[in-house]
Amino acid sequence: MARGVLPLDGLVVSRSTRRSRRRFRVTVDHAFDQVIQTCRDLPREHGWITGEIIDAYLDLHRRGIAHSVECWNPDGRLAGGLYGVAIGGLFAGESMFHHETDASKVALVELVELLRTSDGALLDVQWQTPHLAGLGVIEMDRADYLAAVAVAIDAPDPFREGSVADSGATS
């Protein structure tokens, strides 16, 4: 079975997303609870983010294992974000949302930039959908995926204290 992976050098960033990067302020781990709750509240078929899942991820976040990337609009409102689990240089994305155009894509771009600071990092997005394929996601076969995971978990943790900073045009 194949796994959806976004090669860090393969992210496709549209012109509108590049422009949107200037509009949003991006933070890491400043609003984890808001991000996961908003992902839960989205109307989705087969929604899986239950109260028990949220509690488990909040515990992982407190332990420094689960992380979020947040995009804030100029008015200071949460416009989009994503969350997932990181072990070494492996980031396994779980869910993302946007309330404003390109906000989740900007969060993804910033996540990729962060992961690029860790040699051997891997961004696992679970599966390749047509939308994700348009962003550069590929399918990796099991053997290649397991080899990449082995390298990634031994890579430096880009989320370690002092390695992440706020970015963006607004404050």
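Among the residues of region 113-122, not one is β-branched (Val, Ile, Thr) and buried (at least 21 other Cβ atoms within 10 Å of the Cβ).
Please verify whether Glu100 is out of contact with any Pro (no Cβ under 8 Å at 6 or more places or on another chain), surrounded by fewer than 22 Cβ atoms within 10 Å (Cβ to Cβ) and at pLDDT 95 or above, treating the condition exactly as stated. Considered against the rule, which asks whether it is out of contact with any Pro (no Cβ under 8 Å at 6 or more places or on another chain), surrounded by fewer than 22 Cβ atoms within 10 Å (Cβ to Cβ) and at pLDDT 95 or above, Glu100 comes out as yes. If you go through region 24-62 and keep only what is charged (D, E, K, R), modelled with pLDDT of 95 or more and either closer than 15 Å to Lys105 by Cα or surrounded by 15 or more Cβ atoms within 10 Å (Cβ to Cβ) (or both), you end up with Arg25, Asp29. Would you confirm whether or not region 142-160 contains a residue that is free of Cβ contacts under 8 Å to residues at least 60 places away in the same chain and part of a loop (DSSP other than H, G, I, E, B)? Within region 142-160 (the criterion being free of Cβ contacts under 8 Å to residues at least 60 places away in the same chain and part of a loop (DSSP other than H, G, I, E, B)), the answer is yes, since at least one residue qualifies.
Considering region 103-137, and only residues there that are in contact with a Cys (Cβ under 8 Å, 6 or more places away or on another chain) and among the small types (Gly, Ala, Ser), the residue that is nearest to Ser16 (Cα to Cα) turns out to be Ala103.
Entry remark, region 118-155: residues being closer than 16 Å to Ile87 by Cβ and either among the hydrophobic types (A, V, I, L, M, F, W, C) or modelled with pLDDT under 95 (or both) number 17 in total.
Selection of region 73-96 for residues being surrounded by 23 or more Cβ atoms within 10 Å (Cβ to Cβ) and among the hydrophobic types (A, V, I, L, M, F, W, C) yields Ala79, Leu82, Ala86, Leu90, Phe91, Met96. Condition test on Arg21, is it modelled with pLDDT under 95 and either within 29 Å of Leu146 (Cβ to Cβ) or surrounded by fewer than 13 Cβ atoms within 10 Å (Cβ to Cβ) (or both)? No.
Going by the structure shown, is Ala107 within 8 Å of the chain's Cα centre (by Cα), surrounded by 21 or more Cβ atoms within 10 Å (Cβ to Cβ) and of a type in the set (A, V, I, L, M)?
Yes, satisfied.
Listed by first and then second residue, the pairs linking a residue in region 120-138 that is within 19 Å of Ser68 (Cα to Cα) to a residue that is surrounded by 13 or more Cβ atoms within 10 Å (Cβ to Cβ) and aromatic (Phe, Trp, Tyr), with Cβ atoms under 6 Å apart and 6 or more places separating them unless they lie on different chains, are Leu123/Phe91.
The values are calculated or read from the model by the stated rules, or taken from the named source; none is laboratory data. Here the structure is a predicted model, which is why all the values come from computation and not from measurement. A quick note on method: Cβ atoms are made from the backbone with ideal geometry, for glycine too, and the neighbour counts reach across all protein chains shown.
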